[in-house]
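Following: one structure in structure tokens, then a few remarks.
The values are calculated or read from the model by the stated rules, or taken from the named source; none is laboratory data. Just so you know, these numbers come straight off a predicted model, no measurement behind them. As a convention, Cβ positions derive from the backbone with ideal geometry for all residues, glycine included, and neighbour counts pool all protein chains shown.
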Ligand SMILES: CC(C)(COP(=O)(O)OP(=O)(O)OC[C@H]1O[C@@H](n2cnc3c(N)ncnc32)[C@H](O)[C@@H]1OP(=O)(O)O)[C@@H](O)C(=O)NCCC(=O)NCCS
């Protein structure tokens, strides 16, 4: 991800019902992505099609949990490009990069976001805890964990990542 990707990603992000529920604003999201780039977090994009449109992204903090483990802060694929394996490819690439820094990946997923929970379970994550009312008062954040040391032994994804996708 580069700074020029941010306006496009944020424009679509604020229209996603999930993030609307978390009251993600254009200004706030832009500032957070810019800060993530400055701090050198793992920020990847997937560009797709002849026009190289950015249709997915991940954001991972190398030492975001307990000072020991990586934290997958966000992953998103544009709704009109879902179920094509883009999320799986982005997740796998992020995990491989995170493995250079950490043995485990953690993430939070909303209790109502059952589709994302199924996605993570399918990719080797297990629920290890839950935090009621952590971000929104009426939502429990489920804590998911994956041991990254197993990542190298998984099958490689065949989806090509755009060369601009890199660990910033
Ligand atoms: C969760 C999310 C990142 C998944 O991205 P995705 O690109 O749709 O994921 P994939 O295509 O790899 O896998 C999703 C499904 O498509 C299926 N799929 C994968 N490749 C496929 C293909 N080539 N053809 C058809 N289906 C396919 C998978 O089997 C999976 O099925 P499932 O829903 O039964 O588990 C995406 O749906 C999203 O952005 N959701 C909104 C934001 C969100 O919830 N983020 C996570 C919390 S921060």
Among the residues of region 136-164, which ones are modelled with pLDDT under 85 and in contact with a helix residue (DSSP H, G or I) (Cβ under 7 Å, 6 or more places away or on another chain)? 151, 157, 159, 161
If residue 62 passes every condition in (1) over 9 Å from the mean Cα position of the chain (by Cα); (2) within 7 Å of the ligand (Cβ to nearest atom); (3) in contact (Cβ under 8 Å) with a residue 40 or more places away in the chain but one, which one does it miss? (2)
Does region 38-53 contain at least one residue that is farther than 26 Å from residue 84 by Cα, out of contact with any strand residue (DSSP E or B) (no Cβ under 6 Å at 6 or more places or on another chain) and touching a residue at least 60 places away in the same chain (Cβ under 8 Å)? yes
With the condition being surrounded by 21 or more Cβ atoms within 10 Å (Cβ to Cβ), I'd like the helices (runs of 4 or more DSSP H) fully within region 1-80 carrying at least 2 qualifying residues. 6-13
Can you pull out the residues in region 89-135 that are more than 26 Å from residue 23 (Cα to Cα), touching a helix residue (DSSP H, G or I) at 6+ places or on another chain (Cβ under 9 Å) and part of a helix (DSSP H, G or I)? 92, 95, 96, 98, 122
Identify the single condition in (1) away from the ligand (no atom under 14 Å from the Cβ); (2) touching a residue at least 40 places away in the same chain (Cβ under 8 Å) that residue 21 does not satisfy, given that it satisfies every other one. (1)
Listed residues 90, 72; which is without any contact (Cβ under 8 Å) to a residue 40 or more places away in the chain, touching a strand residue (DSSP E or B) at 6+ places or on another chain (Cβ under 9 Å) and closer than 18 Å to residue 144 by Cβ? 72
Residue selected from region 65-85 under the condition farther than 16 Å from residue 12 by Cα and under 12 Å from the mean Cα position of the chain (by Cα), by the criterion farthest from the ligand (Cβ to nearest atom): 70
